[in-house]
1. For the range B:171-279, what % of the accessible area comes from carbon and sulfur atoms, probe 1.4 Å?
2. Determine the order of B:Thr62, B:Thr111, A:Thr32 by accessible area, beginning with the largest, at a probe radius of 1.4 Å.
3. On a 0 to 90° scale, report how tilted helix B:243-271 is relative to the longest principal axis of chain B, with both axes built from alpha carbons and the result rounded to the nearest 10.
4. How large is the accessible surface of B:Glu61 in square angstrom, using a 1.4 angstrom probe and rounding to the nearest 10?
5. Please give, to one decimal in nm, the separation of the simple spin-label points placed at B:Glu60 and A:Thr85, each 7 Å out from Cα toward the Cβ.
6. So for the pair A:Ala128, B:Val125, with labels modelled 7 Å out along Cα→Cβ, what separation do we get in nm?
7. Between B and A, buried accessible area summed over both sides at probe 1.4 Å, in Å² to the nearest 100?
8. Considering only A:Thr32, A:Ile176, B:Ile100, whose Cα is most displaced toward the positive end of the charge dipole of the protein assembly as shown, charges sitting on Cβ of Lys, Arg (+1) and Asp, Glu (-1)?
Amino acid sequence: MQTLNTTELNINPPLNHDPYLVIDNVSKAYPTPDGAYVVLNGINLTVHEGEFICLIGHSGCGKSTLLDMVSGFRKPTEGEVRLQTKRITEPGPDRMVVFQNYSLLPWMTAYENIYLGVKSVFPDKPEAEKRAIVRDHLALVGLSDAADKKPKELSGGMKQRVCIARALALRPQVLILDEPFGALDPITREELQEELLKIWTDHRVTVLMITHDIDEALFLGDRLVMMTNGPAAQIGEILNIPFPRPRNRTRLMEDPHYYDLRNHALDFLYRRFAHDDA
Amino acid sequence: MTARLDARPKRNHQDLVSMLGKQAKVLYPPAIALLIFLVIWQVFTSLPGATLPTPIQTVEETWELIVNPFFDNGGNDKGLFWQVFTSLQRVALGYTLAAIVGIGLGILIGTSTFMFRALDPIFQVLRTVPPLAWLPISLAAFQQANPSAIFVIFITAIWPIIINTAEGVRQIPQDYNNVARVLRLSRTEYFFKILMPATVPYIFTGLKIGIGLSWLAIVAAEMLIGGVGIGFFIWDAWNSSRISDIIIAIIYVGLVGLLLDWLISQIAKLVVPEEQKQG
Ligand SMILES: Nc1ncnc2c1ncn2[C@@H]1O[C@H](COP(=O)(O)OP(=O)(O)OP(=O)(O)O)[C@@H](O)[C@H]1O
Ligand SMILES: [Mg+2]
């Protein structure tokens with residue numbers, strides 16, 4: 001495993017040097033009629049509190065599988081994932097997920113979708129406070145006016161905002177995003193990237209995000225985890241993204257180092273681990 | 001309809017013509033088909049050696065039944081309204097029981113793979129048993145006519161309700177279940193906020209098939225059980241060779257069946273969440 005040694009350039013020191021989220025020698029195999037199909041093989045990753053980690057790799061290499069083991073929807077075949085030294089065994093609101101395809105309940109309004117989670121996770125809070133949490137988080141993503149709209153009345157970007165609001169309203173320790181902006185048009189995607197970055201700066205939640213977009217990863221992340229191709233995919237390389245924060249997209253683009261990193265990542269994805277059919 | 005047209009003076013003469021034309025397109029075909037049917041019926045039953053009454057004869061012979069559905073001379077000698085009403089009461093009871101038990105069992109086998117594996121094969125076999133085949137068993141079990149009739153309705157209507165409800169539960173998108181898991185929703189919360197809204201269109205598909213079957217079953221069940229009821233009325237008419245009465249009763253049965261179906265559709269419209277409606 002090659003690691004680009006840019007740690008000394010990192011101007012975003014973690015809040016806390018203790019490991020926060022640890023993916024410890026995790027392998028995952030799915031049973032198939034012709035024997036076990038190994039998707040991931042020996043994944044190790046240590047994430048610090050408040051870090052923004054981006055995950056990139058070709059389709060089918062096992063990115064969703066890996067994050068599903070952090071969220072607890074799937075169990076590792078070998079190894080374990082720990083959050084603050086506690087082994088993860090099942091899903092829970094401390095690791096909220098923004099799913100690949102929105103997953104809002106269509107018969108509930110934006111408000112009700114968020115409220116459902118708030119009520120379930122904070123059953124002891126007074127009613128007024130629960131309502132305030134929902135309203136604050138709708139405001140956070142700029143959707144106060146759409147509170148009473150059902151998902152089918154919302155655009156893709158708005159739906160994804162509601163999902164982010166629902167996740168953050170529960171004060172998760174880790175926010176897991178599986179290609180959250182993949183289905184959005186480029187303008188909306190950039191808007192939401194900036195919103196997410198602002199929210200992350202204010203909340204300092206630990207983020208794990210899958211993306212297919214190198215520029216998105218370089219704009220948002222502290223580190224970019226690049227995966228090799230499956231089967232038996234591994235972490236091929238971890239790229240430190242040392243740009244100072246708050247980040248500005250235009251200024252970032254002017255930084256010569258930006259293109260070094262970008263080319264390095266492109267080289268990894270399209271030359272060293274080019275997809276078979278690419 | 002005229003009132004609606006008056007209320008919108010903007011509509012000009014041409015609109016009126018085209019609207020009447022549209023109405024006609026909907027109304028003419030069934031009217032013509034009915035007319036042709038009556039003519040064929042009349043022609044065939046007028047042939048020498050015909051065994052069934054002509055439509056005109058039928059109306060003549062049953063005129064009393066048609067114009068006076070509410071008479072009550074005691075015993076079985078009651079107007080068609082009372083006959084249908086008695087049958088509907090039985091259906092209401094048997095069908096309501098089938099709905100409650102069916103939805104409950106459907107949810108049970110839909111949520112539990114173990115229960116599904118255990119019970120689905122049994123259900124698949126039992127659901128093909130015709131209503132009349134249940135009657136002797138239920139008569140033997142209940143020893144009484146009325147509970148037996150209700151049981152036959154119950155057992156006939158329950159299968160599509162169970163099977164569709166279970167299917168609905170199994171079709172709940174994985175995404176919704178994942179949301180429930182990550183939010184750690186309580187069982188009640190999951191039931192009312194996710195399972196029910198997601199399943200209710202399937203439940204109503206089952207309920208709609210069920211109501212049709214229960215109405216089919218009542219006629220069969222009453223034929224053998226006797227007493228007041230549209231089913232026995234038909235059987236009784238056959239035994240006393242009142243063929244015209246049978247024909248009128250059949251028309252009643254058909255119309256009431258249609259009405260029941262419509263009723264369930266209306267309830268579905270009220271209950272099924274807007275987002276879950278098909279089409
Ligand atoms: N339940 C399962 N059973 C068997 N194989 C599975 C299962 N889930 C995923 N896989 C396989 O595991 C591999 C990794 O899937 P995964 O969804 O994690 O990929 P991904 O990197 O998220 O892809 P994408 O970028 O397209 O979302 C794929 O080859 C997929 O076919
Ligand atoms: Mg994926």
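1. 66
2. The residues order as B:Thr111, A:Thr32, B:Thr62, largest area first.
3. It is inclined by approximately 30 degrees.
4. Per-residue accessible area (B:Glu61): approximately 110 Å².
5. 10.1
6. Calculated label separation equals 6.3 nm.
7. Summed over both sides, the interface buries about 2000 Å².
8. Checked the options; the winner is B:Ile100.
The values are calculated or read from the model by the stated rules, or taken from the named source; none is laboratory data. Since this is a predicted model, take the numbers as computed values, not measurements. Don't worry about glycine lacking a Cβ; one is built from the backbone with ideal geometry, like all the others, and counts go over all protein chains shown. Note: areas computed on protein heavy atoms with side chains; ligands, DNA, RNA excluded. Shrake-Rupley method; radii C 1.70, N 1.55, O 1.52, S 1.80 Å.
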